[in-house]
Amino acid sequence: MNLVIVRGGGDIASGIIYRLYKAGFKILVLEIEKPLSIRRTVSFSEAVYEGEVEIEGVKGILINNLDNIWEVMEEGNIPIYIDPKGESIDILKPMAVVDSILAKKNLGTHRKMAPITIGIGPGFEATVDVDLVVESQRGHNLGKVIEKGFAAEDTGIPGATLGYREERVLRAKGDGIFKANYKIGDRVKKGDVIGTVGDVEIVAEIDGIIRGILKEGLYVKNGLKIGDIDPRGDVENVFTISDKARAVGGGVLEGILYLKQREGVGYVK
């Protein structure tokens, strides 16, 4: 079976998951107990909180037992399973493992996990940690399949939207429980109090639409990204997979098909 296990279910990972699913692969998504996804309307990780989520017609369903994955797949859906250490990988022996946690470092994925292993963004070295790396930084090489070496280092600078970079990003100012005053898709003005972390207010620096916001009630650390304002004002963008996620997903699809035809479906490294 063409089973692909994807570690992480955030918005970039969900672009990968969506494209692989549409290409006919069977997908299992592994997540942590309390995902910190921001673009929750287009993140399969949201199933951890809601039980299920639908993204552009594709449904992800939380499962509590690995025995249930085949039933969920047979119904045409994508199972989401809480397994932060990836222990199920050794049990299921997938054709491919894709690490799309986007932690900017490798949290344990290695080439012996599956015949095909792919890492997304910084933290992986192709041919050492994983077979291939896919570039996740916006720009000329976004979505590029890297056969040897690394993706670009994380700059820590958000991508520009209508000229806005850091201004569009909402960050925690202190440690504490996050409380939201707005939901994804709401229009906000500069100066609006988007939410609080503890007793500290998080204030919008620009006008726009809430493109993503953290799940309310989670404990966060100072500096953590908890939201994103889109100054373009197009509500549809909020509820669809981004160009960046689709590009990275295309790179992963290319990488899997490339190694399959080069080495054979069940090759062992």
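The values are calculated or read from the model by the stated rules, or taken from the named source; none is laboratory data. All values reported here derive from a predicted model rather than from experimental measurement. Note: ideal-geometry Cβ built from the backbone for every residue, glycine included; neighbour counts use all protein chains shown.
Among the residues of segment 92-126, which ones are among the polar types (S, T, N, Q) and not in a strand (DSSP E or B)?
The answer is Ser100, Asn106, Thr109.
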Original post:
Restricting attention to segment 180-217, which residues are within 25 Å of Thr240 (Cβ to Cβ), without any contact (Cβ under 8 Å) to a residue 60 or more places away in the chain and in contact with a Phe, Trp or Tyr (Cβ under 7 Å, 6 or more places away or on another chain)?
Top reply: Val188, Ile194, Gly195, Ile206, Ile210, Glu216
Original post:
Restricting attention to segment 77-91, does a residue exist that is touching a residue at least 12 places away in the same chain (Cβ under 8 Å), of a type in the set (D, E, K, R), surrounded by 14 or more Cβ atoms within 10 Å (Cβ to Cβ) and assigned to a helix (DSSP H, G or I)?
Top reply: no
Original post:
Are any residues in segment 10-33 within 14 Å of the chain's Cα centre (by Cα), in a loop (DSSP other than H, G, I, E, B) and over 20 Å from Gly185 (Cβ atoms), and if so, which ones?
Top reply: Ile32
Original post:
Has segment 164-174 got any residue that is farther than 24 Å from Gly255 by Cβ, at pLDDT below 95, part of a loop (DSSP other than H, G, I, E, B) and of a type in the set (D, E, K, R)?
Top reply: yes
Original post:
Looking at (1) of a type outside the set (Gly, Ala, Ser); (2) over 30 Å from Asp154 (Cα atoms); (3) exposed (fewer than 14 other Cβ atoms within 10 Å of the Cβ), which is the only condition Lys105 fails?
Top reply: (2)
